[in-house]
Every structure is written in structure tokens, then in C-alpha cells.
Amino acid sequence: MVAWPIALIFALPFHNSRNMETNRIDQPSALGSLAALAQGSRLDIFRLLVQAGASGLPAGAIAERLDLPPSSLSFHLSNLAKGALVTSKREGRSIIYFANFDQMRGLLAYLLEDCCAGKCSPSGDLAALEKELPL
């Protein structure tokens, strides 16, 4: 598993031009996203879509890579969409699914908002911060 520095997470591609400050989400939205991720297959799907980036993946490719039956995949994608973590668009006869990086970034901002007694920022130096944190 790759440990991503926090600055890199917040530098992930935006699907629009909103900045981090306007991308914060509220508690009900955070709970919806966390609930959507609280299942193994859905977490795997979301991580696969994050890896795919702005290109997204068609449903068939997701099912094949994760060895999921189409009906299960549809159920999980619906839950991820309800949690605002996945978007889709039709291309001909296929539906392409995308990770919603704005929502992911908003969720991370919500979770880290009051992190580390206000010393943590999305562009902060985590190595320096780790030295200050109690173990």
C-alpha cells in the first residue's frame, strides 16, 4: 500500500476549478461518504477509480478487475454515488464511472479540519508535524 503525503492528496486533479476552501463538506455529507466506503467491495471500487484518475473506467472493466458480478457491482456503484464519491457519464452503450475527487478532497478536509491543534494544513510539512505530535 502506498502512503501518500497529504500535500499530494490535496493536489489530486479537480473535476472543476473550486479551491479547497469552497470544497469543504458538512457532517451529513461526510457521514454519507464514510458509510459508502464502509464495505470492502465499495472501498476497492473507489480505490480502483481513484487509480484510474480522470479517465474513469467502464463498469465492465471494474467488474472484471475486481471479479464482481454485474448485479453486485451495480449495487455498490449506486451506494458510492449516493455517498457522492462516484460520478458517471454515458459514452455510447457504456457507462464510464469516475471517482469524485472534489468529494474525496472535501471529506479529507472535513476530517483534517481541526487536526493537530490547528498545526496541520493541506500543504503542511508532515515530517515536521510528526515530531511535534505526542505518541
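Tabulated data for the structure shown
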item: Coarse-grained scattering of the stretch 18-113 at q = 0.13, 0.17 Å⁻¹, given as base-10 log I(q)/I(0) from a Debye sum over alpha-carbon atoms; result: -0.42, -0.70
item: Neighbourhood net charge (15 Å Cβ-Cβ; Lys/Arg +1, Asp/Glu -1) for Ser72; result: -1
item: For Val86, distant residues with modelled amide H under 5 Å away; result: Ala81, Asn100
item: Extension gain from Ser74 to Leu48, taking 0.36 nm per residue of separation minus the Cα-Cα distance; result: 7.8 nm
item: Cys115 paired with Arg24, simple spin-label distance in nm, labels 7 Å along Cα-to-beta-carbon; result: 1.5
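Every read-out reported here was derived from the displayed coordinates using simple, explicitly stated rules and does not represent laboratory data. Quantities reported herein were computed from a predicted structural model and do not represent experimental measurements. Because the Cβ atoms are built from the backbone with ideal geometry, glycine has one as well, and the counts that use them run over all protein chains shown.
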